[in-house]
Amino acid sequence: MAGITINSNIASLQTQRRLGDSSSALNQSFQRLSSGQRINRASDDAAGLAISDSLRTDRLVYTQGIRNLNDGVSMLDIGDGALNELSNIVIRVQELAEQASNGTFSNRQRAALDTEAQALGKEYLRIAQTTEFNGQKLFDGSIQGLTLQGSYATEGGIQTTLGGVMGTGAVGTKTDFTAGAGANSVALGDLNGDGYLDIATANDGGGTASVLLGNGNGSLNAKIDYTAGNNPDSVTLGDLNGDGFLDIVTANRGTSNASVLLGNGDGSFKAKIDTATVSARSITLGDLNSDGILDMVTADWFGSNTSVLLGNGNGTFKAATAYTTGASPWSLTLGDVNGDGILDLASANYSGVSASILLGNGNGTFKAKTDFTTGTNPHSVTFGDVNSDGILDLVSANRGTSNASVLIGNGNGTFKAKADFTTGTNPDSVNLGDLNGDGFLDIVTANYSTSNTSVLLGNGNGTFRAKTDYAAGGGAYSVNLGDLNSDGVLDIVTANSTASTTSVLLGRTRDGVAPLLPYTLKTQTDAKWALSLMDSTLDRIATHRGQLGSIQSRLTSAIGSNSITVENYAVAESQIRDADVAQEASLLTKNKILQQAGSSILAHANHEPEIALKLLKGV
């Protein structure tokens, strides 16, 4: 039995302890109810705090993942909108091509349709090059693969692409196809109306032209040979009789004539019709007198001149008219270099170390030549806008100096001084095309001595990057560009005189949207080809939109899954961290009562020493 003491008030101490416990419990209830959380510090529930923090982190990560995926959906929405507009452009060009394909139109009227079609092509390129989301270009080839992060680490990312196809500027390994003996010139066109490019070669050693029909996948059928004149050095294609089918024309050095093989529209050709020329090395076609009929121009190697033969519209030509060029013209090209809407002529003068420019008068005649310096022994020449100023520039392949000369046009028929760019050894042919889809023309040469082709990617300002060489067949002599596997990207084709083959080097691709392949509506045949070209382009756009749509569908599913996951993480975290308000309110009431009772009892306990004092008063 406890006694009454003065030194120690055990009852008070016990009551103080109990009152402190109830005060702590009351404070905890206040904290939980004011914060809404059961765990406010590690001491409340260390294990629960660790688990709830982990769950909270997961919830926040998946919530950000939802935002990431929604950004991805927004990016794809912008991309799909751009593709929709590209589709509208292609459909309009198709309409124009269909109109231009009609035989009731003249070539002059087709030229007006072509003006709109070319403007639409430029807008197509602008949209493809400038469509962007958050500062990132979507279709210019800069985005190769896309990771949309929906949750943790690599497995939490959705690996996808923005799809589409554009060139890289590189080409694959060559595939050789047998041509005629001494194949030294190659031309591309749809010879059988199936919408695929076919190949025609001029075979110097066999006196023939070979036709290799394309399958649309980069492969070619076995050659079919047609008799031409002796030593055909050059071949070109065009509709000479207005029937809508491409015809073959060869320049025959050995017989000093040109052979015309009229096409039947099914890939076969009629027997040749010969037209007299003078030691023709090269041949090209164009409407020189604005009558809607293709005319012929040949480079006369021994005569140091060029012959102009006006077409009759039935596959025959009027007598040749000669115009002086530089010494030993080897190659010819036509284009409007002074902006008057009339074709002008350029020749590569092998012995003259120059290119001659003859401005056209629009009636089939030409002004006297003006010579511009090139590299040594220019073997081939072509026109193209290499500095993006809308004016044709001149590029020559120089056999003697193993380089390409670029002469920037002034727009009045004159050119600035040449700038030289190294190619492979002894380039015999040059062509221009956009191989990497950046909207700038690139240089491609066929290099005879090294049996390869050089690609010099353009910078769009008249300069070019260092060459990259790709193996071709033996004695690569001529080069042309076209889409042989229907992917919308230019491929390289060479005629190889030593190997008597033609080499196909398919362009390598990457994600993006390529510019429209070159087209024109200026003739009925060209318009028909443009119609096929736009049809395949529209198919590619539809496929591309399907790719984006499938990605959007996947992202929508991923967002839904993430939303459920976030909800479940929130529930799990709440069960651990959040306070049960009903329970805490009950505890609050209990602790308040205990505190009030403790305070009252403590007051009584503190009076116990006074009892001892009263007892001592009686002593």
For the stretch 414-434: of the residues being of a type in the set (G, A, S) and not in a strand (DSSP E or B), which is surrounded by the fewest Cβ atoms within 10 Å (Cβ to Cβ)? A417
Tell me which residues, restricted to the stretch 449-463, are closer than 16 Å to N398 by Cα and touching a Gly at 6+ places or on another chain (Cβ under 9 Å). S449, T450, S451, N452, T453, S454, V455
Among the numbered criteria (1) buried (at least 17 other Cβ atoms within 10 Å of the Cβ); (2) closer than 16 Å to S74 by Cα, which single criterion is violated by Q136? (1)
Out of everything in the stretch 440-455 that is touching a strand residue (DSSP E or B) at 6+ places or on another chain (Cβ under 6 Å) and farther than 20 Å from T168 by Cα, what residue ends up being surrounded by the fewest Cβ atoms within 10 Å (Cβ to Cβ)? S451
Any residue at all in the stretch 461-468 that is of a type in the set (K, R) and under 20 Å from V504 (Cα atoms)? yes
Test for T175: is it without any contact (Cβ under 8 Å) to a residue 12 or more places away in the chain, farther than 18 Å from L555 by Cβ and not basic (K, R): no
Of all the strands (runs of 3 or more DSSP E) wholly in the stretch 129-174, which have at least 3 residues that are within 27 Å of V566 (Cβ to Cβ)? 146-149, 157-160
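Yes/no matrix, rows are residues, columns are (1) in the same structural domain as F139 (by TED's automatic domain parsing); (2) in contact with a helix residue (DSSP H, G or I) (Cβ under 9 Å, 6 or more places away or on another chain); (3) not β-branched (V, I, T):
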| position | (1), (2), (3) |
| --- | --- |
| D526 | no, yes, yes |
| L533 | no, yes, yes |
| G549 | yes, yes, yes |
| T556 | yes, yes, no |
| I564 | yes, no, no |
| A612 | no, no, yes |
Quickly run through the stretch 366-398 and pick out the residues that are assigned to a loop (DSSP other than H, G, I, E, B) and touching a residue at least 40 places away in the same chain (Cβ under 8 Å). A368, K369, T374, G375, D385, V386, N387, S388, I391, L392
Any residue in the stretch 585-596 that's closer than 10 Å to S23 by Cα: show its pairings with residues that are among the aromatic types (F, W, Y) at Cβ separation under 6 Å, as long as the two are six or more apart or on different chains. none
Could you tell me whether any residue of the stretch 307-321 is buried (at least 18 other Cβ atoms within 10 Å of the Cβ), over 15 Å from N361 (Cα atoms), touching a Phe, Trp or Tyr at 6+ places or on another chain (Cβ under 6 Å) and hydroxyl-bearing (S, T, Y)? no
If you go through the stretch 83-116, how many residues are assigned to a helix (DSSP H, G or I), touching a Lys or Arg at 6+ places or on another chain (Cβ under 8 Å) and surrounded by 15 or more Cβ atoms within 10 Å (Cβ to Cβ)? 8
Conditions (1) touching a Phe, Trp or Tyr at 6+ places or on another chain (Cβ under 7 Å); (2) closer than 30 Å to A100 by Cα -> N562 fails only (2)
G167 surrounded by 19 or more Cβ atoms within 10 Å (Cβ to Cβ) and either under 15 Å from the mean Cα position of the chain (by Cα) or more than 29 Å from L533 (Cβ to Cβ) (or both): yes
Filter the stretch 228-251 down to residues that are among the polar types (S, T, N, Q), touching a residue at least 40 places away in the same chain (Cβ under 8 Å) and either under 22 Å from S328 (Cα atoms) or touching a strand residue (DSSP E or B) at 6+ places or on another chain (Cβ under 6 Å) (or both), then give me how many there are. 3
Take the residues in the stretch 546-577 that are of a type in the set (D, E, K, R) and crowded, with 17+ Cβ neighbours inside 10 Å, then tell me which one is modelled with the highest pLDDT. E573
Considering only the stretch 84-101, state which residues are among the small types (G, A, S) and either at pLDDT 95 or above or not assigned by TED's automatic domain parsing to the domain that holds Q118 (or both). S87, A97
Would you mention how many residues in the stretch 113-141 are in contact (Cβ under 8 Å) with a residue 40 or more places away in the chain and of a type in the set (G, A, S)? 4
Condition check for T255: in the same structural domain as S185 (by TED's automatic domain parsing), touching a strand residue (DSSP E or B) at 6+ places or on another chain (Cβ under 8 Å) and modelled with pLDDT of 95 or more: no
Looking for something in contact with a Leu (Cβ under 9 Å, 6 or more places away or on another chain), among the polar types (S, T, N, Q), surrounded by fewer than 20 Cβ atoms within 10 Å (Cβ to Cβ) and not in a strand (DSSP E or B) - is there at least one such residue anywhere in the stretch 335-351? yes
List the strands (runs of 3 or more DSSP E) that sit entirely inside the stretch 456-545 and contain at least 2 residues that are at pLDDT 95 or above and crowded, with 23+ Cβ neighbours inside 10 Å. 476-482, 491-496, 501-505
Does G216 satisfy the condition of being outside any strand (DSSP E or B), over 29 Å from the mean Cα position of the chain (by Cα), in the same structural domain as A271 (by TED's automatic domain parsing) and of a type in the set (G, A, S)? no
Can you tell me which residue within the stretch 390-440, out of those that are more than 23 Å from K369 (Cβ to Cβ) and of a type in the set (V, I, T), is farthest from the chain's Cα centre (by Cα)? T425
Inside the stretch 236-249, can you point out the residues that are over 19 Å from D483 (Cα atoms) and out of contact with any Asp or Glu (no Cβ under 8 Å at 6 or more places or on another chain)? G242, D243, G244, I248, V249
Considering G437, G411, which residue is assigned by TED's automatic domain parsing to the domain that holds S234, crowded, with 19+ Cβ neighbours inside 10 Å and at positive phi? G437
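The values are calculated or read from the model by the stated rules, or taken from the named source; none is laboratory data. Quick caveat: nothing in here was measured; it's all calculated off a predicted structure. Here the Cβ is made from the backbone with ideal geometry for all residues, glycine too, and neighbour counts use every protein chain on show.
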